[in-house]
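Q: Just passing along the structure, written as structure tokens.
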Amino acid sequence: MQENKKEFGIGVIGMGGFGLFATQHFLQIPGTRLVAIAGTNREGAKAAAERFGAVHLDNLDDLVAHPEVSIVYIATPPFLHHQQALLALQAGKHVICEKPLAVTAEQGHELIKLAAEKNLLMITNLMQRYNPMFERVRHLIDKQLLGLPLHGYFENYAADEGLLAEHWFWDRSKSGGIFIEHGVHFFDLFEGWLGSGKVVSAQSVKRPDTDIEEQVNCTVVYGGVTVNFYHGFTQPGRMDRQEMRILFERGDITLHEWVPTRINIRCLADEATTRALMDLFPGARLDVSASYGGNDRRTRGRHKDIDAWQQISISYGHDQQKMHLYGELLRHMFTDQTNYLHDPAAHRKITEQNGLQSLLTAIDAARLAKQQ
């Protein structure tokens with residue numbers, strides 16, 4: 001007879017808008033319940049406590065000491081992550097923390113070291129790796145369906161409409177700056193696709209006549225592949241847009257949204273490649289831009305011969321709603337981590353090292369930008 005799995009009681013620090021959004025998805029996982037909320041006196045947090053039958057506590061010490069709390073979820077501004085995660089780990093609780101892990105390298109290393117010593121989770125919520133699109137792109141790269149990757153970029157034309165001048169986001173002592181507060185997601189994505197990287201240059205731009213750092217840019221080299229990352233928080237909300245592209249020897253892929261929901265592929269392909277791509281992206285729309293026969297099939301790039309049967313475009317994922325996908329990724333992330341707690345031999349898509357390495361990359365980018 002199968003042994004009953006342990007129930008996980010969640011204690012939430014910071015039940016703001018996103019804290020509630022994420023917690024609602026975590027609680028859909030069987031064997032999970034909300035035990036306590038602390039760190040906020042917002043009306044919404046008290047309403048959430050009543051909704052889920054949880055207690056609303058006045059201080060964090062009471063939350064981490066609660067005997068029914070086994071996992072502490074932290075959804076507060078970045079400058080609080082270290083002290084709150086440290087408090088939870090010292091109390092013997094597993095921790096799932098919103099990105100970034102911390103705002104300094106020393107803080108990050110301290111948390112990961114303590115979690116390892118106590119055999120506890122110290123996970124940063126880098127849920128992007130749970131996106132099926134992540135795995136499809138990694139398969140495309142690993143199998144060299146379009147040849148070798150050559151270059152990439154991420155462009156984040158983000159809205160600042162809800163970020164008033166006094167918001168903590170603009171205060172680098174509280175947020176760590178754009179690279180640390182926001183960029184960690186995308187450093188981790190590209191590392192998952194291309195391997196470990198090194199920041200080689202970075203720049204930042206301040207809003208005229210202010211100390212607001214509104215735009216940052218950096219270049220990271222992953223093996224022999226150069227990737228440019230741009231983040232600008234400058235747009236009205238309705239103009240918010242994100243795009244990632246990777247150039248290959250025989251084509252390119254473009255992913256849309258910061259949680260990628262859609263992909264467009266343009267390439268030269270033979271019949272085997274076209275079949276492999278359509279298998280990888282089932283139900284995708286295939287458009288044929290050109291067909292070649294005889295000597296016209298022969299072409300070259302990078303001093304290599306290419307047998308091009310067709311020039312094609314593939315479009316996939318255009319009916320996916322971003323927020324629904326976001327919730328799905330949160331459920332996958334939480335399930336992955338709790339499965340690991342049930343069975344430490346289970347493989348996890350993200351580990352403590354993902355949060356640490358993405359933070360270290362972001363810190364390097366912020367340091368180089370400051371030097372400029």
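Q: Assigning unit charges at the beta carbon (Lys, Arg +1; Asp, Glu -1) and nothing else, what dipole magnitude in debye, to the nearest 20, does the range 267-363 show about its Cα centre?
A: The dipole magnitude comes to about 260 debye.
Q: Heavy-atom accessible area per residue, the range 1-130, 1.4 Å probe: how many Å²?
A: 44
Q: Next question, about the same structure. Against the longest alpha carbon principal axis of the chain, how many degrees, from 0 to 90 and to the nearest 10, is the axis of helix 43-52 turned?
A: 90
Q: At what distance in nm do the modelled label points of residue 307 and residue 324 sit from each other, each positioned 7 Å from its Cα along Cα→Cβ?
A: About 4.2 nm separates the two model spin labels.
Q: Taking only Cα atoms and a 10 Å spring cutoff, compute GNM fluctuations for the chain and point out the largest among 304, 46, 143.
A: Of 304, 46, 143, the most mobile in the Gaussian network model is 304.
Q: Which of 10, 71, 20 sits closest to the plus end of the dipole of the range 1-77, meaning its Cα is farthest towards the positive end, when Lys and Arg get +1 and Asp and Glu get -1 on the C-beta?
A: 20
Q: Can you tally the net charge around residue 115? Count Lys and Arg as +1, Asp and Glu as -1, for every other residue whose Cβ sits under 11 Å from the Cβ of residue 115.
A: 0
Q: Right, something else. Quickly work out the residue 367-to-residue 151 label distance, labels modelled 7 Å from Cα along the C-beta direction, and quote it in nm with one decimal.
A: In this crude spin-label approximation the distance works out to 2.8 nm.
Q: All other residues with a Cβ under 12 Å from the Cβ of residue 244 taken together, and with Lys, Arg as +1 and Asp, Glu as -1, what is their net charge?
A: -1
Q: Using Cα-Cα distances under 8 Å and only pairs 6 or more residues apart, what relative contact order does the chain have, in percent?
A: Relative contact order for the chain comes out at 18 percent.
Q: Note the angle between two axes, namely the Cα long axis of helix 184-194 and the longest principal axis of the Cα atoms of the chain, as a number of degrees from 0 to 90, rounded to the nearest 10.
A: 40
Q: Indicate the gyration tensor shape class of the range 333-372 (rounded, prolate or oblate), computed on the Cα atoms with a ≥ b ≥ c the square roots of the eigenvalues: a/c under 1.5 is rounded; otherwise a/b larger than b/c is prolate and the rest oblate.
A: prolate
Q: So, counting K/R as plus one and D/E as minus one, what does the shell of residues with Cβ under 14 Å around residue 318 add up to?
A: 0
Q: Something else: Please give the per residue volume of the convex hull enclosing the alpha carbon atoms of the chain, rounded to a whole number of Å³.
A: Dividing the Cα hull volume of the chain by its residue count gives 168 Å³.
Q: Then there is this: With charges only on Cβ, +1 for K and R and -1 for D and E, what is the dipole size of the chain about its Cα centre, in debye, rounded to 20?
A: Result for the chain is approximately 760 debye, rounded to the nearest 20.
Q: Extending each Cα 7 Å along its Cβ direction at residue 29 and residue 206, get the distance between those two points in nm, one decimal.
A: 4.3
Q: May I pose another question? Lys/Arg Cβ at +1, Asp/Glu Cβ at -1, dipole of the chain taken about the Cα centre: which of 292, 335, 223 is farthest positive-ward?
A: 292
Q: Hey, another quick one. Using 0.36 nm per residue, how much length does the chain from residue 279 to residue 243 gain when fully extended, once their Cα-Cα distance is taken away?
A: 10.6 nm
Q: With respect to the cross-link table entries 198/304; 5/93; 118/198, which display a Cα-Cα separation exceeding 20 Å?
A: Beyond 20 Å: 198/304; 118/198.
Q: Starting from the Cα gyration tensor of the range 195-260, take the square roots of the eigenvalues, sort them a ≥ b ≥ c, and report rounded, prolate or oblate (rounded when a/c is under 1.5, otherwise prolate if a/b is larger than b/c, else oblate).
A: Since a/c reaches 1.5 but b/c is at least a/b, the shape of the range 195-260 is classed as oblate.
Q: For the chain, modelled as a Gaussian network with Cα springs under 10 Å, which listed residue fluctuates most, 209, 287, 279?
A: Checking each option, the largest mean-square fluctuation is seen for 209.
Q: Further question on the same structure: In deg cm²/dmol and to the nearest 500, what is the mean residue ellipticity at 222 nm of the chain if only DSSP H runs of at least 4 residues count, each as -39500 (n - 2.57), divided by the residue total?
A: Helix contribution divided over all residues of the chain: -10500 deg cm²/dmol.
Q: Where nothing but the Cβ of Lys and Arg (+1) and of Asp and Glu (-1) is charged, how large is the charge dipole of the range 169-217 around its Cα centre, in debye to the nearest 20?
A: With Lys and Arg at +1 and Asp and Glu at -1, about 100 debye.
Q: With a 1.4 Å probe and all protein chains left in place, how much of the accessible area of the chain comes from carbon and sulfur atoms, in whole percent?
A: C and S fraction of accessible area: 47 percent.
Q: Between residue 297 and residue 143, what's the calculated FRET efficiency when r is the beta-carbon distance and R0 is 30 Å? Round to 0.05.
A: Computed FRET efficiency for residue 297 and residue 143 comes out at 0.85.
Q: Over the range 178-326, what is the relative contact order in percent, taking alpha-carbon pairs closer than 8 angstrom and at least six residues apart?
A: Contact order relative to length: 17 percent.
Q: For the range 157-242, what is the relative contact order in percent, using Cα pairs closer than 8 Å and at least 6 residues apart in sequence?
A: Relative contact order comes out at 39 percent.
Q: Ok, one more. Quick one: accessible area per residue over the range 280-363, 1.4 Å probe, rounded to a whole number of Å²?
A: Dividing the accessible area of the range 280-363 by its residue count gives 56 Å².
The values are calculated or read from the model by the stated rules, or taken from the named source; none is laboratory data. As the structure is a prediction and not an experimental result, all values here were calculated from the model. Here Cβ is always computed from backbone atoms with ideal geometry, including for glycine, and neighbour counts include all displayed protein chains. In case anyone asks, the SASA skips ligands and DNA or RNA and just uses the protein heavy atoms, side chains included. Shrake-Rupley method; radii C 1.70, N 1.55, O 1.52, S 1.80 Å.
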